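Read the figures in this text as sums done on the coordinates, not as results from a lab. From a predicted model like this one, the values you see are computed outputs, not experimental measurements. A quick note on method: Cβ atoms are made from the backbone with ideal geometry, for glycine too, and the neighbour counts reach across all protein chains shown.
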Amino acid sequence: MDHDQEMATTIRTVTEILSLFRTEMEEVDAVGIRIRNRTTRLIRVVLTVLAISSSVILFLVADLTGSMTQMIDSMNTMYHHFGYMSNDMSLITVSVKNMGQNIEGIPVIAESMQQMSRDVGGMESSVVGMSQRMQSMERGIAAIDRGVWEMSGRFNSVTRAVSRMNYNVNQMARPTDMMNPMGWMVPP
């Protein structure tokens, strides 16, 4: 009879230990699931922010490129107009010089017209310099555009890495599956 009582006590003790062990494993599993869910939410938020940021950057670079192209076209048109204006000023200067030779009081006007012609020539040179600088800026924007595309590729690499990390987190959240292949301790 002592032997039966001792056996019953042992079975009761083992049952209590296994019940306690099951409770602790359920708590570990619940913590793992909470960690997995929080990590998944965080990853989704980060990916959403990255996607929105890259979209905004691509839009802004495209808009800037369009604006720079319009500005360069306007600068080229200005350059041509200044060229026509310089030619007209040269013709006016020649005409005024001819008039100055015929009329004594006109040389002062001719001199002013020559000065204006030189000023317009200087303006034309300035416009040429501005046009060259605008073309240089356009090349810089093209380099920025290439950089944005490279950054987009790197975002894709980050997305793949985050997906692999998400898979690893899901694997780490399943410690009870590895410890109990029969599944009797897994909560319903």
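Scaled against 2.2 N^0.38 Å for its residue count N, the alpha carbon radius of gyration of the range 2-173 is 2.58. The fewest-to-most ranking of 96, 148, 158 by surrounding Cβ atoms within 10 Å reads 158, 148, 96.
Converting phi to 3J(HN,Hα) with the Karplus coefficients 6.51, -1.76 and 1.60 and the offset θ = phi - 60°, the range 59-64 yields 4, 5, 5, 5, 5, 4 Hz in sequence order, with x at every glycine or proline. Our summary gives the range 2-173 a relative contact order of 36 percent, counting only alpha carbon pairs under 8 angstrom and 6 or more residues apart.
Quick one: 26, 124, fewest Cβ neighbours within 10 Å first, how do they rank? Don't skip to the answer; put the middle values down first.
Values: 26 14, 124 19.
Lowest to highest Cβ neighbour count: 26, 124.
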